[in-house]
Ligand SMILES: [Zn+2]
C-alpha cells in the first residue's frame with residue numbers, strides 16, 4: 001500500500017511531527033489510525049509501529065483508508081521522557097468530558113487546559129479532516145490490550161496471537177483526558193491502547209515485534225478491521 005506524507009504537525013520545541021495517509025478514501029468517511037510515541041519514553045511501542053508500518057507499506061494484500069503517525073511526541077521521544085517539552089502527559093490532555101486539572105503523579109500532568117498542547121491539536125485537526133473509526137495506539141507498560149468503545153473483538157483477535165491481558169475500563173485508576181476516553185464518545189471511534197512489554201521486563205525489541213508480527217498483520221488483512229470503518 002502506498003502512503004503519502006501529510007503536512008506535518010509542529011511540536012512545542014518546533015520539531016516536525018510526520019504523518020502519513022494511505023490515499024485510500026473511505027466511503028463512510030471513517031479512517032483507521034495507527035499512532036505511537038504519545039509517551040516519548042515508550043520505545044517498544046514506537047518500534048512495533050515502525051515495523052508494522054514497513055510491513056503494511058510492502059504489502060499488496062492490504063488496502064485501507066489509514067493515517068499513520070509513527071511518533072506523536074517527538075520532543076519526548078528525543079529526550080526519553082513520558083511528557084512533551086512542557087512535561088505534559090499528552091494522554092491526559094485530550095478534551096474529553098472528564099478532563100481535569102487535578103493530578104496525583106508528576107508524570108500525569110494534564111497541562112493547563114484540555115488540548116493545550118500542539119501535538120494533540122495536530123491530532124485533533126487530523127480527526128476533523130479524516131474522522132477516526134478505529135485507533136490503534138501503541139504504548140508500553142505491561143503487556144495488555146486495553147479497549148475503549150466497540151473493539152473488544154479486536155483485542156480478543158490479537159490476544160489469540162500474543163496472549164496479552166484484555167482489559168476494558170480501568171476500575172483502579174481513572175485516565176481522564178486520555179484518547180481512549182475521548183474517541184468513543186466524541187467520534188464514535190473505538191480505541192485499542194496496545195501496551196507492549198517493556199525492555200526492562202527482559203525481552204528485546206526484536207522479540208516484542210516477533211510475538212506481535214503475525215497477529216497485527218492478520219488483523220490488518222481481516223474483515224474485522226474493515227468492519228470498524230463501515
Ligand atoms: Zn503510554
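Coordinate-derived values only; no laboratory data. In this text, all values refer to a predicted model and were calculated from it rather than measured experimentally. Note that we place each Cβ from the backbone using ideal geometry, even for glycine, and neighbour counts take in every protein chain shown.
Ranked highest first by the average count of other Cβ atoms within 10 Å around their residues, in what order do 21-29, 151-159, 177-185 fall? Before the final figure, lay out the partial values.
Working: 21-29: 13.6, 151-159: 17.9, 177-185: 23.3.
Top of the packing list down: 177-185, 151-159, 21-29.
Compute the distance in nm between two label points, each set 7 Å from the Cα along the Cα-to-Cβ direction, one at residue 13 and one at residue 113.
2.6 nm
So if I restrict to the alpha-carbon atoms in the range 1-134, what is the Rg, and what is Dmax, the biggest pairwise distance, in Å?
Computed over the Cα atoms of the range 1-134, radius of gyration and Dmax are 15.2, 47 Å.
What order do you get for 10-20, 67-77 when each peptide is scored by the mean count of other beta carbon atoms within 10 Å, highest first?
So the peptides 10-20, 67-77, ranked by packing, come out 67-77, 10-20.
For the range 179-226, max minus min Cα coordinate along each principal axis, in Å, sorted largest first?
Largest first, the range 179-226 extends 38, 26, 8 Å along its Cα principal axes.
Distances over 20 Å make up what percent of all Cα-Cα pairs in the range 7-67?
Working: 673 of 1830 pairs.
When every Cα pair of the range 7-67 is considered, 37 percent fall beyond 20 Å.
At a temperature of 4 °C and a viscosity of 1.567 mPa s, determine how fast the chain diffuses translationally according to Stokes-Einstein, using the Kirkwood radius over alpha-carbon pairs as Rh; express D in µm²/s, rounded to the nearest whole number. Mind dumping the intermediate values first?
On the way: Rh = 17.4 Å.
Rounded to a whole number, D works out at 74 µm²/s.
Based on the mean of other Cβ atoms within 10 Å per residue, sort peptides 214-227, 131-144 so the most packed one is first. Could you put the intermediate results ahead of the total?
Values: 214-227: 16.1, 131-144: 22.1.
The packing order, highest mean first, is 131-144, 214-227.
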